[in-house]
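What follows is a single structure, written as C-alpha cells, with notes after it.
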Amino acid sequence: MMHRRPLIGITGRRKKGRHIVENLEVLADFNVDLYYADYANGVIEAGGLPVHLPIDADPVDLLEHLNGLLLPGGGDIDPGRYGAEVETNTFPPEPLRDEQELALVSCAYELALPILGICRGLQVINVHAGGTLHQDIPPHAGFEQVATTELHMVTFEPGTTLGDIYGSERSVNSLHHQTVDRVGDGLRVSAQSPEGSIEGLEHSDLPIIAVQWHPEMLATRSVDPAFSWLVETAAERF
C-alpha cells in the first residue's frame, strides 16, 4: 500500500500581472495568486505535500480535503479587524486575504485541523482569537538584513508545544514590524524575545502553534521542528 503524505494547505497573496517582473504587458490586469516557495519546501522536507489555496475558493470546501494548514507571512492585517485605527501604511492591508485566512482559521477550529502560523500567520491567529497588535515596531523589522540573518535569541516556555519541540532557546531571524499586543482568547505565550516581545503563540486546547520569525528562510529549514510538528500532527488525522 502506498504511503500517504499529509496534505498541507498554504495561503498566499493576490497581485496583478503588472507586479510580476518580466511578465507580458497584455497580462498586466490579470490576477496572480502567489507565495514564497520556501514555505512549500519546508512542508515537503518534513514529509508533507503542499497545496496552494486559491483566494476565490470556499474555505470549508478546501479544508475538508486537507490534513493541515500553514499561514505564511505577508502584508499587515487591517487594523479594523481588531478594532483599531490605521497607524501605518508600510504594508497596506489585503482585504481579500484577511477574509480568506480568518475564515480558514474559523473552519480549522471546527475541524480541529493542525495549523502552523508564521509571522503574519501568527498575527492572523491572534486577531482571529480576539487579540490585538502593535502596528509599527521598527526595531523588529530587520528589513535591511539578509533574510537568513539570525538577529536575536528566543526563549521558550517549559511545558508548551513550542518548548517541547525547540528546547529552551534558539537564535532566529526577524522580518516583521508588527508584534502581538493583547493575546487572544484560548491562546498562550510560548516564546519571547529578550526584551519580552511575543515570538510564539499556541492554542491551549487545539493543535495550533505560531512563530513570529521565519523558519522557512533559515538554513535549518529542512529539519525545523515547526514544519515537522505540522506534518506529523496532520498525519495523525489519517
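A short reminder: the numbers here are calculations on the coordinates, not readings from a lab. Just so it is clear, the model here is predicted, and its values are computed rather than measured. Here the Cβ positions follow ideal geometry from the backbone for every residue, glycine too, while neighbour counts run over all protein chains shown.
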Tell me which chymotrypsin sites (Phe, Trp or Tyr not before Pro) from region 129-226 have a DSSP coil assignment and no more than 12 other beta carbons within 10 Å of their own. Phe143
Simple SL model, points at 7 angstrom along Cα→Cβ for Asp29 and Val189; separation in nm is 5.0 nm
By how many nm would the segment from Ile165 to His134 grow when fully extended, if each residue of separation counts as 0.36 nm and the alpha-carbon distance is taken off? 8.4 nm
Taking 7 Å along the Cα-to-C-beta vector as the label spot, tell me the Val21-Asn89 distance in nanometres, rounded to one decimal. 2.6 nm
Dipole axis of the chain (+1 Lys, Arg; -1 Asp, Glu on Cβ), positive-most option in Ala235, Gln135, Phe91: Ala235
Mean Cβ count within 10 Å, highest first, over the residues of peptides 188-196, 80-88: 188-196, 80-88
Under 5 Å, built H, 5+ apart or other chain: amide partners of His134: Thr179, Val180, Asp181
Rel. contact order, % - alpha carbon contacts under 8 angstrom, at least six apart, the chain: 21 percent
Mind checking the alpha-carbon convex hull of the chain and giving the volume per residue in Å³? 140 Å³
Roughly how far apart, in whole Å, are the Cα centres of region 108-181 and region 83-101? 18 Å
